[in-house]
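Step one of this worksheet: look at the structure below.
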Amino acid sequence: MYDERPDYRVELLARTNAMTAWLGETRLAHSDACLIVDEQDHGLVVYFPRDAVDFSRLEPIDRRTVCPFKGQAVYWRASGGAGPGVAWSYPEPFPQVARLAGYVAFDQDAVRVTIGTGRFTGVRP
């Protein structure tokens, strides 16, 4: 779709804020190396590095969707749960958003994502 919509914007913003994903009182992920995806026509979505996700609390489901600007997504649901899933990732994202590979996002209507303090990296814009 980038050929048809060269003006469409998907920005990947690296942040050092400590971010945590909660399903009720269960911590699903925690990291200070997340990406915030600011996609035109969508809200902000926090993507956690894969190694920051507690996959013992999730199980893969047989659901795939395709975003015309990011690629094919795979999904997980809460272990022992039901429904369409609470987390997804793009294992092979399109080249324009290649940094998404290795990151996992959570459905922010089902999972609470908290954003804490960032750490100073010594670099000012």
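For P49, the conditions (1) touching a Pro at 6+ places or on another chain (Cβ under 8 Å); (2) under 23 Å from R119 (Cβ atoms) all hold with the exception of (1).
Looking only at the stretch 1-20, residues that are farther than 18 Å from G71 by Cβ and touching a Lys or Arg at 6+ places or on another chain (Cβ under 7 Å) come to 2 in all.
Screening the stretch 77-122 for residues that are of a type in the set (F, W, Y) and surrounded by 14 or more Cβ atoms within 10 Å (Cβ to Cβ) and picking the one that is nearest to R27 (Cα to Cα) gives F106.
Selection within the stretch 19-65: residues that are in contact (Cβ under 8 Å) with a residue 60 or more places away in the chain and in contact with a helix residue (DSSP H, G or I) (Cβ under 7 Å, 6 or more places away or on another chain). The member of this set that is farthest from P6 (Cα to Cα) is L28. So, F48, is that one farther than 14 Å from V10 by Cβ, in contact with a Cys (Cβ under 8 Å, 6 or more places away or on another chain) and surrounded by 14 or more Cβ atoms within 10 Å (Cβ to Cβ) or not? Criteria met by F48. If you go through the stretch 72-118 and keep only what is under 17 Å from A18 (Cα atoms), over 11 Å from the mean Cα position of the chain (by Cα) and among the small types (G, A, S), you end up with G116, G118.
Going through the stretch 18-59 one residue at a time, which ones are at pLDDT 95 or above and among the polar types (S, T, N, Q)? Within the stretch 18-59, T20, T26, S31, S56 meet the criteria. The set of residues in the stretch 1-59 being charged (D, E, K, R), under 20 Å from W76 (Cβ atoms) and not in a helix (DSSP H, G or I) consists of E25, R27, D54, E59.
The values are calculated or read from the model by the stated rules, or taken from the named source; none is laboratory data. For clarity, every value in this text was computed on a predicted model and none was experimentally measured. Quick reminder, even Gly has a Cβ in these numbers, built from the backbone with ideal geometry, and neighbours come from all protein chains shown.
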